[in-house]
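Trainee: Just passing along the structure, written as structure tokens.
The values are calculated or read from the model by the stated rules, or taken from the named source; none is laboratory data. Just so we're clear, the structure is a prediction, and the values are computed from it rather than from any experiment. When we count neighbours, we look across all protein chains shown, and the Cβ atoms used for this are built from the backbone with ideal geometry, even at glycine.
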Amino acid sequence: MYRCGSGRKGELTSGTTFHSVGLVSQFRTSPALMKIMNYTINLYSELAKGEAGDITPEDSPLEAGLGMFVCWSKPDFIGKEALEKIQKQGLSSRLVALTMDAGGNLYGGESVFANGRVIDRIRSGSYGYSIGRDIGLVYLPPALAKDGTELEVQVMGERVKAKVANLPLVDPKGQKLKA
């Protein structure tokens, strides 16, 4: 089953492939499928409000690990002063990957917990076929953004153990890319 969305008159609608082929009414008797349907409705509501994605206007390219693409030599650009301030003060968070066994049910928006407290949400997530685990991207405080840090993620109503993993997850030395 895949999530899908379509825009109509400037609105984002939600659903799954079951919605798009008209099979929803046949599956309403299954509590598990109703849970998935409710989840996708909430997810697309967040997307419509602009509350989903790896990087938003509230995030800096430095926190997202994109500092190498900032042209510091350019005399002036929108946001340069703010980025220089962040660079001086140090990062308040870093975009990292969490790996976990979530049964392929990681989509983004799930709460991330440290010591029983919510610290952020998964920005985007999916199953990583190359590593055989679910992968979620999240902004974490530097103290928690270290490889191997153990956290929990609320997936489909259940807490799942997750670990911070250094990026890239596949071919970190770039050997396949250079071959």
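Trainee: Examine region 134-141 for a residue that is acidic (Asp, Glu), over 22 Å from Pro57 (Cβ atoms) and assigned to a strand (DSSP E or B), and state whether such a residue exists. Step through it out loud before you land on a result.
Mentor: Going residue by residue through region 134-141, those that are acidic (Asp, Glu) are 134.
Next, from what is left, pick out any that are over 22 Å from Pro57 (Cβ atoms): 134.
Remaining after also requiring assigned to a strand (DSSP E or B): 134.
For region 134-141, residues acidic (Asp, Glu), over 22 Å from Pro57 (Cβ atoms) and assigned to a strand (DSSP E or B): present.
Trainee: For Met156, state whether it is surrounded by 13 or more Cβ atoms within 10 Å (Cβ to Cβ) and on the phi > 0 side of the Ramachandran plot. Working first, answer last.
Mentor: Numbers: surrounded by 13 or more Cβ atoms within 10 Å (Cβ to Cβ): yes; on the phi > 0 side of the Ramachandran plot: yes.
The answer is yes for Met156.
Conditions tested, residue by residue: (1) over 26 Å from Leu140 (Cβ atoms); (2) at pLDDT 85 or above; (3) not in a helix (DSSP H, G or I).
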residue	(1), (2), (3)
Met37	yes, no, no
Leu43	no, no, no
Leu47	no, no, no
Glu51	no, no, yes
Asp54	no, no, yes
Pro75	yes, yes, yes
Glu84	no, yes, no
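Trainee: While we're on this one: Report yes if some residue within region 107-117 is of a type in the set (A, V, I, L, M), out of contact with any Lys or Arg (no Cβ under 6 Å at 6 or more places or on another chain) and free of Cβ contacts under 8 Å to residues at least 12 places away in the same chain; otherwise report no.
Mentor: Let us first name the residues in region 107-117 that are of a type in the set (A, V, I, L, M), namely 112, 114.
Adding the requirement that they be out of contact with any Lys or Arg (no Cβ under 6 Å at 6 or more places or on another chain) leaves 112, 114.
With free of Cβ contacts under 8 Å to residues at least 12 places away in the same chain added as a condition, the list becomes none.
The answer is no; no qualifying residue exists.
Trainee: Exactly one of (1) within 13 Å of Ala102 (Cβ to Cβ); (2) surrounded by 14 or more Cβ atoms within 10 Å (Cβ to Cβ) is unmet by Tyr139. Its number?
Mentor: Condition not satisfied by Tyr139: (1).
Trainee: Look at region 53-90 and say how many of its residues are buried (at least 18 other Cβ atoms within 10 Å of the Cβ) and either out of contact with any helix residue (DSSP H, G or I) (no Cβ under 7 Å at 6 or more places or on another chain) or not assigned by TED's automatic domain parsing to the domain that holds Leu140 (or both).
Mentor: 2
Trainee: For region 60-70, how many residues are out of contact with any Phe, Trp or Tyr (no Cβ under 7 Å at 6 or more places or on another chain) and in a loop (DSSP other than H, G, I, E, B)?
Mentor: Taking region 60-70 first, the residues out of contact with any Phe, Trp or Tyr (no Cβ under 7 Å at 6 or more places or on another chain) are 60, 62, 64-70.
Those left that are additionally in a loop (DSSP other than H, G, I, E, B): 60, 62, 64-66, 70.
So the count comes out to 6.
Trainee: For Val118, only one of the following conditions fails: (1) surrounded by 16 or more Cβ atoms within 10 Å (Cβ to Cβ); (2) at pLDDT 90 or above; (3) β-branched (Val, Ile, Thr). What is its number?
Mentor: Going through the list (1) surrounded by 16 or more Cβ atoms within 10 Å (Cβ to Cβ); (2) at pLDDT 90 or above; (3) β-branched (Val, Ile, Thr), Val118 breaks only (1).
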